[in-house]
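Participant: Could you have a look at this structure, given as structure tokens, before my questions?
Each reported figure results from applying straightforward, stated rules to the coordinates on display, with no laboratory input. The structure presented is a predicted model; accordingly, all values stated were derived computationally and were not measured. When we count neighbours, we look across all protein chains shown, and the Cβ atoms used for this are built from the backbone with ideal geometry, even at glycine.
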């Protein structure tokens with residue numbers, strides 16, 4: 001074969017993986033190498049410019065990074081997308097794409113509507129009640145990238161759970177496009193129109209995060225920021241986190257796959273390539289106990305990568321240090337590694353995929369069976385595609401209705417109910433050397 005993808009092949013069949021510590025396993029596993037610290041130092045002065053200069057900084061960034069000259073006289077602030085552009089973008093969208101987006105919206109809405117938590121009341125004693133209430137975040141900024149691809153799916157994945165949660169004030173930012181007169185990409189605009197979001201701005205990258213976090217002339221500060229982006233967007237979100245809530249500081253995208261001899265090598269290769277298509281740091285990792293399957297997958301990777309549109313990007317990602325085919329002695333070892341890896345997306349293609357899935361403790365989303373590929377979740381499966389990366393699934397979840405809600409406890413005690421616990425309250429307060437706390441309760445009975 002003239003064209004070949006030289007993905008790493010790691011044979012770990014002799015390793016006693018069940019005896020390894022979490023730290024030892026993490027050192028073994030392939031990961032993308034990227035420096036958020038370096039990006040932070042690049043981003044910090046840019047955010048300061050947005051904070052201090054407002055719109056002028058955004059205009060300068062659009063010219064510098066997007067080759068767009070924004071003119072305030074054309075459309076108010078120069079960055080707000082006119083309602084007419086949003087509507088016309090939807091009207092001009094092809095009928096088949098409209099139908100696809102509508103179906104995706106229907107499925108994603110159904111799943112996220114089911115996530116809405118119920119308020120509950122705990123009656124601790126007569127007259128002693130604690131209520132758990134859920135309140136939506138009031139104003140949310142949704143960032144939609146516009147670099148290597150167009151992401152109408154990101155509009156759906158961010159706006160739908162926010163709206164299901166009851167967020168009333170949504171703001172979308174996406175990079176200005178020189179090809180579209182300085183407006184955002186029309187497919188993004190069309191999807192914003194579909195979701196009923198009218199506050200849409202042509203602002204990209206760090207500038208958008210700064211606009212959300214600090215506010216600029218004509219655009220109020222938001223309470224939370226969600227949405228994907230490159231390493232500079234991730235760094236900017238981390239820097240503004242003390243001011244506003246964020247969904248996550250995401251690293252490069254990744255797929256992990258557990259497969260045995262029953263899996264189709266063509267399916268596996270196609271799925272690894274679909275993830276590698278995102279960018280050159282994307283990770284594709286296969287865990288298998290079948291040497292024959294590993295060999296067939298490598299062959300299929302070369303064959304399919306040669307024919308794919310973004311061949312160069314895919315090849316770079318598959319041959320990078322973050323991607324590998326890992327051979328293990330058993331599926332139990334594959335499960336150990338998958339849990340240690342904590343993939344953003346984890347596919348399971350084995351004879352008993354559901355049983356294997358029940359043993360997974362760390363993953364952003366789990367795709368069970370040969371006909372549940374990751375792209376299903378990316379677009380129209382109903383689940384959310386904003387997921388924790390770089391092993392963050394150990395402690396965090398993907399985007400959902402919960403991401404846009406705050407829990408508030410409401411405490412209601414009568415005088416008699418307070419009297420029942422008064423003395424115990426005073427004892428604890430005095431033990432903590434905070435006597436005024438106890439006195440606050442005693443004052444009710446003087």
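Participant: Given that just one value was derived from the coordinates, which of (1) 83, 62, 42; (2) 90, 65, 43; (3) 77, 62, 42 is Cα extents along the principal axes in Å?
Facilitator: For Cα extents along the principal axes in Å, the calculated option is (2).
Participant: Counting only helical runs of four or more DSSP H residues, what would the 222 nm mean residue ellipticity of the chain come to if each run contributes -39,500 (n - 2.57) and the total is spread over all its residues?
Facilitator: Value at 222 nm, helices only: -13000 deg cm²/dmol.
Participant: Also: Please sort 306-318, 33-45 by packing, taking for each peptide the average over its residues of neighbouring beta carbons within 10 angstrom, highest first.
Facilitator: Most protected by this proxy first, the peptides run 306-318, 33-45.
Participant: Report for the chain the percent antiparallel among DSSP-assigned beta bridges with both residues inside it, nearest 5.
Facilitator: Beta bridges within the chain, antiparallel portion: roughly 30 percent.
Participant: Now, a different point. So for the chain, averaging the separation of alpha carbon pairs under 8 Å that are six or more residues apart and normalising by length, what relative contact order in percent results?
Facilitator: 22
Participant: Sticking with this one: Measure out, as a whole number of angstrom, how far apart the alpha-carbon centroids of the range 231-248 and the range 107-174 sit.
Facilitator: Taking the Cα centre of each part, the range 231-248 and the range 107-174 sit 19 Å apart.
Participant: Could you tell me the center-to-center distance, by alpha carbons, between the range 11-89 and the range 204-220 in angstrom?
Facilitator: Each part reduced to its Cα centre gives a spacing of 13 Å.
Participant: While we're looking at this one, here's another question. Given a 10 angstrom Cα cut-off, can you work out which residue in 292, 126, 48 is the most mobile in a GNM of the chain?
Facilitator: Result: 126 has the largest fluctuation of those listed.
Participant: Run the numbers on the range 37-246 and let me know its relative contact order in percent, using alpha-carbon pairs under 8 Å that are six or more apart.
Facilitator: Relative contact order of the range 37-246: 29 percent.
Participant: Using alpha carbon centroids, what distance separates the range 317-353 and the range 400-446, in Å?
Facilitator: Here the two parts' Cα centres lie 49 Å apart.
Participant: Now for a separate question. Of the residues 140, 421, 197, which exhibits the maximal mean-square fluctuation in a Gaussian network model of the chain defined by a 10 Å Cα contact cut-off?
Facilitator: Taking springs between Cα atoms under 10 Å, the residue moving most is 421.
Participant: Before anything else, pin down the relative contact order of the range 8-88: Cα pairs under 8 Å, at least 6 apart, normalised by residue count, whole percent.
Facilitator: Answer for the range 8-88 is 10 percent.
Participant: Antiparallel versus total DSSP beta bridges in the range 37-246: what percent is that, nearest 5?
Facilitator: If I count the DSSP bridges inside the range 37-246, around 35 percent turn out antiparallel.
Participant: Moving to a separate point now. As a test, work out the antiparallel percent of DSSP beta bridges whose residues both lie in the range 105-225, rounded to the nearest 5.
Facilitator: 35
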